[in-house]
Amino acid sequence: MAISLDDKHKEHLSFLENLDQSALEDFCMISIEFIGRGVNKKVYSTAAQKLGVDPEIVKHAVEGLMYLFAKCSKYNLQEKEFLETLIPLNLSEKTKEHLLELYKSKYASIHAQLTELIPSIPAYSKLEWRFDIEIASRSLRKQVQPVILLKFYLNHNGVEEERILQTDPSNLIRLTAKLEEALHSLQSSHSKSDVAI
Amino acid sequence: MAQLSEKAAIGLAKVSALKDIAVKSITHTAFQQILDCSRILSYSEYSEFQDIERSDLEQCFLGLTSFILEVCKNDLSEDLIRCYLIEDYKWTDDRTVSFLNKLKNYKQKIRARLSCITWQHPHIIDSSWKLNINAQSQSLNAPQAECIVKLQLEDCSEKDNFSFRCDTNSLQDMVLKLKECSRSVTNYGSE
């Protein structure tokens, strides 16, 4: 399914038709770079000076391209759908072909950048436990204090993290019971969604 | 028992020279002060302390609080305490018995407070969970259920609590390990 672009967006992108092959390539590369790193306004004025146009025109064209590539990647558009999306822009075949080639080659990296934007919670990787009994400390001798150390290994956007927490026997038993209940709910929700799908 | 500092030992010995009413009051104040450090101690509030030199009073107080803390820290037996007070610090038998009765009331509370003076890893005191269906994202085509686990930590604000997500396999892994751990703790307790 092609995506529809609003009139303003179409107008901004129509400037691409005025560019030669190398300038179009530069605009595309800049827009892809900006999707990942954010906008650098200085680039607009430099490019505008080179082309002898208003910096606002360059800004709109680059940001229009960013939006086009980001939206098409977000909806996972295939080659045919991407070209259909470009039809209302009235671009030349050569420009459309160039944009398609670039979209195909950069799709994976744009997709990866967009994935990073999803607010994510660290994912559980594994757990190690240890059961200690504290028998004395500097401030208190002759004590018997059971301590359960839990070392959590997590994965947060590809980065491994570790965290050591501790608990006591009664909280450990409560925690285990609560998570067992969660597991049963998760397993039953799986079977329900399997039926629904 | 760890030795008291010289100043504290002298202070504890000086208690024996105080009047009964002053000993009773200073002992009570020492126990109260240990349990509530935020309390501002004002000797002038006590009429029974009026005829005692301020420096002597402070030294007695230091000796008494140091002794109570050492006794509680080391969980000393009554016989040993009696021996220290009567033989080393020349306390009378009556005062020693009265001190031991007071100690009996406060000892567990003081030991509980002393046990807090330590370092520890963040302590899990509660947990909660919710199931989410990740219905749409850039990387997933089909809805996927996941469990968000939140561990509530002692003395931590809401934002510092510990959260992570699990799919069925990882939650199963965690529950298995926690059950294994719980079994070990229970078995140890019943041995």
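The values are calculated or read from the model by the stated rules, or taken from the named source; none is laboratory data. Since the model is a prediction, treat every value here as computed from it, not as a measurement. In this analysis, Cβ positions are derived from the backbone assuming ideal geometry, glycine residues included, and neighbour counts consider all displayed protein chains.
For A:L91, the conditions (1) under 26 Å from A:A112 (Cβ atoms); (2) in contact (Cβ under 8 Å) with a residue 60 or more places away in the chain; (3) among the hydrophobic types (A, V, I, L, M, F, W, C) all hold with the exception of (1). Among the numbered conditions (1) at pLDDT 95 or above; (2) surrounded by 12 or more Cβ atoms within 10 Å (Cβ to Cβ), the only one that A:E162 does not meet is (2). If the condition is being at pLDDT 95 or above and among the charged types (D, E, K, R), then segment B:151-182 contributes B:D173, B:K177, B:K179, B:E180.
Looking only at segment A:87-99, decide whether some residue is surrounded by fewer than 15 Cβ atoms within 10 Å (Cβ to Cβ), closer than 30 Å to B:N132 by Cα and more than 7 Å from chain B (Cβ to nearest Cβ). Spell out how you get there, then give the answer.
First pass over segment A:87-99, keeping only residues surrounded by fewer than 15 Cβ atoms within 10 Å (Cβ to Cβ): A:87-88, A:90, A:92-94, A:97.
Now drop any that are not closer than 30 Å to B:N132 by Cα, which leaves none.
No: segment A:87-99 contains no residue that is surrounded by fewer than 15 Cβ atoms within 10 Å (Cβ to Cβ), closer than 30 Å to B:N132 by Cα and more than 7 Å from chain B (Cβ to nearest Cβ).
Consider segment B:154-168 and keep the residues that are among the charged types (D, E, K, R) and assigned to a loop (DSSP other than H, G, I, E, B). The one that is farthest from the other protein chains (Cβ to nearest Cβ) is B:D155.
For segment B:116-132, filtering for residues that are closer than 20 Å to B:C166 by Cβ and within 7 Å of chain A (Cβ to nearest Cβ) leaves 5.
Here is a yes/no grid of residues against (1) within 37 Å of the chain's Cα centre (by Cα); (2) facing chain B (nearest Cβ under 8 Å); (3) more than 25 Å from B:V175 (Cβ to Cβ):
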| residue | (1), (2), (3) |
| --- | --- |
| A:K126 | yes, yes, no |
| A:I135 | no, no, yes |
| A:S139 | no, yes, yes |
| A:V144 | no, no, yes |
| A:G158 | yes, no, yes |
| A:R163 | yes, yes, no |
| A:Q166 | yes, yes, no |
| A:P169 | no, yes, no |
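Pairing residues of segment A:103-115 that are free of Cβ contacts under 8 Å to residues at least 24 places away in the same chain with residues that are surrounded by 14 or more Cβ atoms within 10 Å (Cβ to Cβ) and assigned to a helix (DSSP H, G or I), at Cβ distances under 6 Å and at least 6 apart in sequence or on separate chains, gives no pairs at all. All of A:K94, A:K151, A:K126, A:K106 fail the test of being out of contact with any Asp or Glu (no Cβ under 6 Å at 6 or more places or on another chain) and at pLDDT 90 or above, apart from A:K126. Of all the numbered requirements in (1) outside any helix (DSSP H, G or I); (2) surrounded by fewer than 16 Cβ atoms within 10 Å (Cβ to Cβ); (3) without any contact (Cβ under 8 Å) to a residue 24 or more places away in the chain, B:N187 misses one, and that requirement is (1). Within segment A:30-53, the set of residues being under 20 Å from A:S105 (Cα atoms) and in contact (Cβ under 8 Å) with a residue 24 or more places away in the chain comprises A:I30, A:S31, A:I32, A:F34, A:I35, A:G36. Is it the case that some residue within segment B:111-121 is in contact (Cβ under 8 Å) with a residue 12 or more places away in the chain and either surrounded by fewer than 16 Cβ atoms within 10 Å (Cβ to Cβ) or farther than 30 Å from B:L18 by Cα (or both)? For segment B:111-121, residues in contact (Cβ under 8 Å) with a residue 12 or more places away in the chain and either surrounded by fewer than 16 Cβ atoms within 10 Å (Cβ to Cβ) or farther than 30 Å from B:L18 by Cα (or both): absent.
When you check A:V58 against the structure, is it β-branched (V, I, T), part of a helix (DSSP H, G or I) and closer than 30 Å to A:N157 by Cβ, yes or no? Considered against the rule, which asks whether it is β-branched (V, I, T), part of a helix (DSSP H, G or I) and closer than 30 Å to A:N157 by Cβ, A:V58 comes out as no. Applying a threshold of 7 Å to beta carbon distances and a minimum spacing of six or more residues, or different chains, the list of pairs starting in segment B:13-34 at a residue that is free of Cβ contacts under 8 Å to residues at least 60 places away in the same chain and ending at one that is of a type in the set (F, W, Y) reads B:A22/B:F49; B:S25/B:Y46; B:I26/B:F61; B:A30/B:F61.
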